[in-house]
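A quick write-up on the structure given underneath.
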Amino acid sequence: MIKAVIFDLDGVLVDTAHYHFLAWQRLASELGIEFTEKENEQLKGVSRMRSLEIILDMGNLQLSQEERNKLADKKNKWFVQYINQMKATELFPGVHELITSLRQNGLKVALASSSKNADTVLTLLGIKELFDVIVDGTMIVHTKPDPEIFLLAAKKLNILPSQCLVFEDAEAGIQAALAAGMKSVGVGSPAQLGKANLVLSRVTDFDTSTLKKKF
Ligand code: B16
Ligand code: MG
């Protein structure tokens, strides 16, 4: 029986995944590397430095750690500029209502994002108080597909991993949920997220009756 729901942030509750893409594409373009939405799928859910390494591999570029740090900082500055212009209305429609109704039905709700900017995004959107527990990229060593972030969320919620349901838009996130021994809902395309227990186009295609029927 599911007792807690754990939400990813970027790409599940808000379209910040698009801002990550724009910032990486801008960096790739400066480096002369072609980078489209298709390649971007591999970056979703993984850490900033791992994302950079994937892009550098695409361009067969080998750089020192110091140069890589500078590029990662540059991408992050652009990403922060984009999110600072974000409006609270960019929260996907129905998210507030869904989380409120899960809590009214006695479920615990956590947020688990690989991003070190998660706190800024949640503050800008004014949704921090919706969650019983928040874990982000500043609190973990290994990012998705490692299960660390989801296991930490379950521990803080005091709920067994097998009683947690994860919502994710990234292939790496679904792999992390599986590795944590949790059930998962993929938000996006079945081609990308086929390993999830259920795939939906939007998080708000889910409600408490879907929970009872499918899990
Ligand atoms: P930052 P999520 C992830 O957030 C993003 O999907 C991924 O694209 C990004 O590289 C990662 O956070 C790290 O983000 O550079 O802000 O620390 O999807 O787990 O909410
Ligand atoms: Mg995501």
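The values are calculated or read from the model by the stated rules, or taken from the named source; none is laboratory data. Note that the structure is predicted; figures quoted are calculated from it, not measured. Using ideal geometry, Cβ is built from the backbone for each residue, glycine included, and neighbour counts are taken over all protein chains shown. Calculation scope for accessible area: heavy atoms of the full protein, side chains included, ligands and nucleic acids excluded. Shrake-Rupley method; radii C 1.70, N 1.55, O 1.52, S 1.80 Å.
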Tell me, which residue of segment 8-40 that is open to solvent by 20 Å² or more (accessible area, probe 1.4 Å) and of a type in the set (S, T, N, Q) is farthest from ligand 2 (Cβ to nearest atom)? S29
Are there any pairs with C-beta distances below 6 angstrom linking a residue in segment 10-33 that is under 15 Å from G45 (Cβ atoms) and aliphatic (A, V, I, L, M) to a residue that is open to solvent by 20 Å² or more (accessible area, probe 1.4 Å) and within 12 Å of ligand 1 (Cβ to nearest atom), with the two at least 6 apart or on different chains, and if so which? A17/D10
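In the set F79, F92, which member is in the same structural domain as T138 (by TED's automatic domain parsing), within 18 Å of the chain's Cα centre (by Cα) and in contact (Cβ under 8 Å) with a residue 24 or more places away in the chain?
Residue meeting the stated conditions: F92.
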Take the conditions modelled with pLDDT under 95 and not small (G, A, S) and apply them to M58. Does it pass? no
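Applying the selection to segment 41-81, what residues are aliphatic (A, V, I, L, M), outside any helix (DSSP H, G or I) and open to solvent by 40 Å² or more (accessible area, probe 1.4 Å)?
Going residue by residue through segment 41-81, those that are aliphatic (A, V, I, L, M) are 43, 46, 49, 52, 54-56, 58, 61, 63, 71-72, 80.
If we keep only those that are outside any helix (DSSP H, G or I) as well, we get 46, 61, 63.
Across segment 41-81, the qualifying residues are L61, L63.
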Can you tell me which residues in segment 65-119 are within 15 Å of ligand 2 (Cβ to nearest atom), in contact with a Phe, Trp or Tyr (Cβ under 8 Å, 6 or more places away or on another chain) and closer than 23 Å to I174 by Cα? A110, L111, A112, N117
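How about segment 174-191: which of its residues are in a helix (DSSP H, G or I) and open to solvent by less than 60 Å² (accessible area, probe 1.4 Å)? Explain how you work it out, then say what you get.
Step one: list which residues in segment 174-191 are in a helix (DSSP H, G or I), which gives 174-179, 190-191.
Passing the criteria: I174, A176, A177.
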Hits in segment 104-125 - residues which are out of contact with any Lys or Arg (no Cβ under 7 Å at 6 or more places or on another chain) and hydroxyl-bearing (S, T, Y): S113, S115, T120, T123
